[in-house]
Structures are given as C-alpha cells and as structure tokens.
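Written below as structure tokens is the structure these notes are about.
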Amino acid sequence: MAQSLRLVLVDETVNRILRSMAEKLSRADCLEAVANELELSKDYVSTMFKKRMGIGQNEYLTIMRMEYAGYLLKTTNLKVYQVAKRAGYSTSDYFSRLFKLYANMTPASYRREG
C-alpha cells in the first residue's frame, strides 16, 4: 500500500478515539458516532485529534479504511462492493476511485498482486 497506518498513542483520549474509530469503521457516520460515544462535540474531537496526531481525523479514517480494505482484499473472497461496504463506503465506484488513489491500483489488481 502507498501509506502505512501507524497508531501513535498520544494520550488516553486519543487512544479512546482510535479504538472507537476502529470499532465503527464500517459506519458511514463513524466520526459522529465516535464523538457521541465520548460525549464530546464532533468539532472538538476533530480539532484535538489534528493537534495531537498531526493529521486530520477524516484523512486518518480514510487511511484506516483503505488498510482494512486491503486486508479484506488479500484475505477474503468478498466481492469489491462487499469490501467497500465493510470498509464504510456505500458505493463501490467511490470506494474503487479512492482505493486507486491510495494504492495506485484498482482493488481487483491489488487482490491479484497479493
């Protein structure tokens, strides 16, 4: 993959955010659900995350989703649309475009390479 996901465990609040994001990865409302679980505003969580992690929460979530999708493509026989759904994307076209930007190849090519 083009990038590597690294969990930087900065403090307990960030740890909780990262764990919650991983648990809710497949939800379209992942970031909102994380903020609700932590009983914090979405804007506060986003600002604090960027300040402490050095990367935006949306960008980090996309990396998490792409890493998970790559794992699913390599380890399962799920169809691309099923991988997209499990990775939190409602349309396989959008997922495939994002995946190609991330991995420099289509999901199908990535699976064949593996």
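May I ask you to list the residues in segment 90-114 that are closer than 13 Å to Leu72 by Cβ, in contact (Cβ under 8 Å) with a residue 40 or more places away in the chain and open to solvent by 50 Å² or more (accessible area, probe 1.4 Å)?
Within segment 90-114, Gly114 is the sole residue that qualifies.
Among (1) of a type outside the set (Gly, Ala, Ser); (2) surrounded by fewer than 15 Cβ atoms within 10 Å (Cβ to Cβ); (3) outside any loop (DSSP other than H, G, I, E, B); (4) in contact (Cβ under 8 Å) with a residue 12 or more places away in the chain, which single condition is Glu59 missing?
Condition not satisfied by Glu59: (4).
So, in segment 69-78, of the ones that are assigned to a helix (DSSP H, G or I) and without any contact (Cβ under 8 Å) to a residue 24 or more places away in the chain, which residue ends up farthest from Asp29 (Cα to Cα)?
Looking at the filtered set, the residue picked out is Thr75.
What is the number of the single condition among (1) among the hydroxyl-bearing types (Ser, Thr, Tyr); (2) open to solvent by 100 Å² or more (accessible area, probe 1.4 Å); (3) assigned to a helix (DSSP H, G or I); (4) closer than 17 Å to Cys30 by Cα that Tyr81 does not meet?
Looking at each condition in turn, Tyr81 falls short on (4).
The values are calculated or read from the model by the stated rules, or taken from the named source; none is laboratory data. Nothing here was measured: the structure is a model prediction, and the numbers come from that model. Because the Cβ atoms are built from the backbone with ideal geometry, glycine has one as well, and the counts that use them run over all protein chains shown. Remember, those area values only see protein heavy atoms, side chains included, never the ligands or the DNA or RNA. Shrake-Rupley method; radii C 1.70, N 1.55, O 1.52, S 1.80 Å.
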